[in-house]
2 protein chains.
Amino acid sequence: MNGVELHVAFLPQEAGDCRGRAVAVIDVIRATTSLLVMAERGCDEVVVAPTVAAARTFGAAHPGVVLAGEQGGLAPRGFDFGNSPAAFADADLAGRRVVFATTNGTRALHSARGAPVILIACLRNRTAAARALSDEAVRGGFDITLICSGREGRFGLDDAYTAGAIVDAMLRESEPAPDLTDAAVAARALFDAYPKAEVLLPTTSAGRNVIEIGLEADLNVCAEADRSALVPRIGERVRLLEA
Amino acid sequence: MNGVELHVAFLPQEAGDCRGRAVAVIDVIRATTSLLVMAERGCDEVVVAPTVAAARTFGAAHPGVVLAGEQGGLAPRGFDFGNSPAAFADADLAGRRVVFATTNGTRALHSARGAPVILIACLRNRTAAARALSDEAVRGGFDITLICSGREGRFGLDDAYTAGAIVDAMLRESEPAPDLTDAAVAARALFDAYPKAEVLLPTTSAGRNVIEIGLEADLNVCAEADRSALVPRIGERVRLLEA
């Protein structure tokens, strides 16, 4: 990976031009963890919708589709699921199609537009995501950007930490090592600063919000590192619905 | 400081609405360090210009004004100074007026517009800046934002570290402690991760650039913490020139 630049955008609006870059999008609490768990549960395809209304419309036009998403953190009226990794972990989604409404996650996914490769990353697939990014960078001659979703336009420590976990994995998995931007160095330092994700995540703004709405069990699922070798990607298991 | 929110914007475009917030702007390598050293050297007023051309025009209209600023890191043709804290540290600026052209610093200062208080901060005045922010927050009932300049639209580890140094000082100086956003927590963790600024700064993107142009001595001046009790502010020692 000589000369491969590894950058972290701590917010979607920092992602810049993603052409020529392999991108991983991170919304560890909870959208990208949910997307991964849906894949783990055998889900055929997730259609990511920018709003709850768009998901409803899509659901009405496609009978049999599973409705999932959040409004104020909880499942909107009439939806089958919220944005709860713990609930998806208990669900049988084998062969099902899900339409999934998430605000921050959608914004981050859209900010990656133009990228030749857009992967879904979280702690559960951090090493697998790092390997997939390395492979894509080598194969395509791409630089790499990890895009953090943040929370309502602000930096999220949960996502920055997860980006750091992936940077750390990439340094272990890639030879030669990629060139880290200042943001990638900082993300890795944050990962090093907190030895236990299950201790950090509940203290973050996103984590506290999940606890407030009574879904603390979701944080355990979000904090589990390297539980999955799956790396969903846009165009394969995941599709973006236009606004 | 009960209920005072302390936030860090890692880039000017994240600063959001600064009304009702006491703001400190940070461009430790090198603009805010330069601004502070000019004040230390007795400079009467610094007029911050958005471009080299604007500084030249201002200089032509105001005989006797000192021209300072950077183009590719160095002093533009005909300027008295670059953006070099080490050069300012040796200069006699007592009673002088300086017009100072800096791109990243100007962008950050402009992003703070609307804030009732805009302070100039760096490592050299980190504790003094923390105290001034606490005082202003208490007096005005303000929340607090530290705005990092970053480098060409990207996160700068030097500025994030400096923000963390100020967060750390505020936690020591303020009783009760302010409420830290995720970004403030992260900045402080970065400060904790690097015990020596003089070791970190040369490794950052901005630091490497300064070394490349042969101005490594500037980094020593930038890395010195708590050397000054001065806290220049917009409207007092520092004025923004309209574009």
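The values are calculated or read from the model by the stated rules, or taken from the named source; none is laboratory data. As the structure is a prediction and not an experimental result, all values here were calculated from the model. Positions of Cβ are generated from backbone atoms using ideal geometry, with glycine treated the same way; all protein chains shown enter the neighbour counts. These area figures cover heavy atoms from the full protein model, side chains too; ligands, DNA and RNA do not enter into them. Shrake-Rupley method; radii C 1.70, N 1.55, O 1.52, S 1.80 Å.
Pairing residues of the range A:172-194 that are at pLDDT 95 or above with residues that are part of a helix (DSSP H, G or I) and among the acidic types (Asp, Glu), at Cβ distances under 6 Å and at least 6 apart in sequence or on separate chains, gives A:188/A:168; A:191/A:168.
Against the conditions (1) of a type outside the set (Ser, Thr, Tyr); (2) surrounded by fewer than 24 Cβ atoms within 10 Å (Cβ to Cβ); (3) modelled with pLDDT under 95, residue B:56 satisfies every one except (3). Of everything in the range B:135-163 that is in a helix (DSSP H, G or I) and touching a strand residue (DSSP E or B) at 6+ places or on another chain (Cβ under 8 Å), the residue that is most open to solvent (accessible area, probe 1.4 Å) is B:140. Any chance the range B:68-82 includes a residue that's touching a residue at least 24 places away in the same chain (Cβ under 8 Å), among the charged types (D, E, K, R), in contact with a helix residue (DSSP H, G or I) (Cβ under 6 Å, 6 or more places away or on another chain) and open to solvent by 20 Å² or more (accessible area, probe 1.4 Å)? Scanning the range B:68-82, I find no residue that is touching a residue at least 24 places away in the same chain (Cβ under 8 Å), among the charged types (D, E, K, R), in contact with a helix residue (DSSP H, G or I) (Cβ under 6 Å, 6 or more places away or on another chain) and open to solvent by 20 Å² or more (accessible area, probe 1.4 Å), so the answer is no. With A:94, A:39, A:101 as the choices, which residue is under 29 Å from residue A:130 (Cα atoms), touching a helix residue (DSSP H, G or I) at 6+ places or on another chain (Cβ under 8 Å) and not basic (Lys, Arg)? Answer to the selection: A:101.
Against the list (1) within 14 Å of chain A (Cβ to nearest Cβ); (2) farther than 30 Å from residue B:67 by Cβ, the condition residue B:136 fails is (1). Going through (1) buried (at least 20 other Cβ atoms within 10 Å of the Cβ); (2) more than 24 Å from residue A:227 (Cβ to Cβ) one by one, residue A:116 falls short only on (1).
Put simply, of A:151, A:208 the only residue that is charged (D, E, K, R) and more than 28 Å from residue A:58 (Cβ to Cβ) is A:208.
Checked against (1) more than 10 Å from chain A (Cβ to nearest Cβ); (2) buried (at least 23 other Cβ atoms within 10 Å of the Cβ); (3) aliphatic (A, V, I, L, M), residue B:197 meets all criteria but (2). Being small (Gly, Ala, Ser), within 14 Å of chain A (Cβ to nearest Cβ) and open to solvent by less than 20 Å² (accessible area, probe 1.4 Å) holds for only one residue in B:184, B:130, and it is B:184.
Filter the range A:204-238 down to the residues that are touching a helix residue (DSSP H, G or I) at 6+ places or on another chain (Cβ under 6 Å), within 14 Å of chain B (Cβ to nearest Cβ) and not aliphatic (A, V, I, L, M) and list them by number. The answer is A:204, A:205, A:207. Only strands (runs of 3 or more DSSP E) whose full extent lies in the range B:1-109 are considered here, and the ones with at least 3 residues that are out of contact with any Ser or Thr (no Cβ under 7 Å at 6 or more places or on another chain) are B:45-49, B:66-69, B:97-101.
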